[in-house]
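Report on the structure given below.
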Amino acid sequence: MSDTKVYLLDGGTLVIDGYHVFWNRGPAGEIRFPVYSILVEHKDGRFLIDTGFDYDHVMKVLAFEKPIQSKDQTIPGALALLGLEPKDIDVVVNSHFHFDHCGGNKYFPHAKKICHKSEVPQACNPEPFEHLGYSDLSFSAEAAEARGATAQLLPGTTRANSTFEGIEGDVDLAKGVKLIFTPGHSVGHYSLMVDFPSRKPILFTIDAAYTQKSLETLCQASFHIDPVAGVRSMRHVRKLAEDHGAELMFSHDMENFKTYKTGTQFYS
């Protein structure tokens with residue numbers, strides 16, 4: 001792992017209405033969008049940013065989002081395509097704890113875990129309009145207990161996947177791998193920028209901007225806690241991309257996702 005490599009782990013797709021993708025703007029109608037995790041192979045270890053959605057949870061709680069997820073699109077399945085297992089991941093970073101970003105956390109009881117210091121407390125006591133967003137509590141025994149639920153344990157696992165290092169502000173995970181604090185979508189949301197020796201950086205907006213159109217129009221998704229902070233974060237992401245000559249990659253943009261390298265392909 002001498003040179004940095006970035007893999008996009010295809011996690012399947014979900015559906016929401018256009019007025020949720022483009023808040024107060026639309027147009028209405030079902031939009032099927034991708035969900036993916038980001039695996040950074042670095043000389044300092046393997047960093048997994050987000051863990052996608054859990055199909056069973058979505059079918060139980062949010063079946064209206066019509067999940068599609070094959071075996072190869074689960075976190076263990078996507079890693080297996082690369083010849084890896086969950087135990088090969090050193091660090092799991094959650095950009096935030098909405099259900100489509102933490103559903104696979106339970107597969108990593110061994111890994112160091114990182115999130116913004118405000119995200120677990122928010123999951124413990126979300127605003128009324130955030131309950132579906134923070135509905136999958138399998139990532140945290142603390143959040144599950146606070147919400148009257150039980151954190152999910154995999155067979156043979158003796159402890160919940162629930163100890164996190166809380167961070168704030170921009171943070172370097174490793175040389176050339178930087179978390180960018182972009183609040184608004186959630187209280188502790190992070191985007192990600194990765195530098196490479198021989199190509200332009202990649203700036204992953206994650207949910208600061210669902211799509212390219214979102215960023216171009218500064219129209220965020222309806223799932224947010226602070227729309228003013230969200231617009232500010234979108235402007236910040238756009239400026240960072242301009243200043244660093246970075247390629248932008250979006251979290252839930254199907255047209256762009258079709259052009260992204262996934263599976264065994266990688267960016268380096």
Here the gain from full extension of A63 to N256, 0.36 nm per residue of separation minus their alpha-carbon distance, amounts to 67.0 nm
Hey, got the Cα dimensions of the chain along the principal axes, in Å, largest first?
46, 46, 34
So, relative contact order of the chain in percent, Cα under 8 Å, 6 or more apart, is 19
Packing-based exposure ordering (other Cβ within 10 Å, fewest first) of M254, M249
M254, M249
Using a Cα-Cα cut-off of under 27 Å, which lysines could be cross-linked to K71, ignoring same-chain neighbours fewer than 8 residues away?
K5, K60, K87, K106, K112, K113, K258, K261
When the dipole is taken about the Cα centre of the stretch 3-98, and only Lys, Arg (+1) and Asp, Glu (-1) are charged at their Cβ, what size is it in debye, to the nearest 20?
200
So in the chain, what percent of DSSP beta bridges are antiparallel if you round to the nearest 5?
70
Binning at 5 Å from 0, report for the stretch 178-231 what percent of all alpha-carbon pair distances ends up in each bin.
5, 22, 26, 23, 13, 7, 4, 1
Within the chain, what is the longest stretch that has no trypsin sites (Lys or Arg not before Pro) placed in a DSSP loop and near at most 12 other beta-carbon atoms within 10 Å?
44-158
Residue-by-residue Karplus 3J(HN,Hα) for the stretch 49-59, coefficients 6.51, -1.76, 1.60, Hz, glycine and proline x
9, 6, 10, x, 10, 9, 4, 4, 4, 4, 5
Over the chain: helical MRE at 222 nm, DSSP H runs n ≥ 4 each giving -39500 (n - 2.57), nearest 500:
-5500 deg cm²/dmol
How long is the stretch 1-120 along each principal axis, judged by its Cα atoms, biggest number first, in Å?
46, 32, 27
Length gain on complete extension for the stretch K43 to E127, per 0.36 nm per residue less the alpha carbon to alpha carbon distance?
26.3 nm
Estimated FRET transfer efficiency when R0 is 22 angstrom, pair A174-D88 (beta carbons, to 0.05):
0.85
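We did not get these values from a lab; they are worked out from the coordinates using the rules stated. A quick note: this is a predicted structure, and the numbers were derived from the prediction, not measured. Neighbour counts are summed over all protein chains in view; Cβ atoms, including those assigned to glycine, are modelled from backbone coordinates with ideal geometry.
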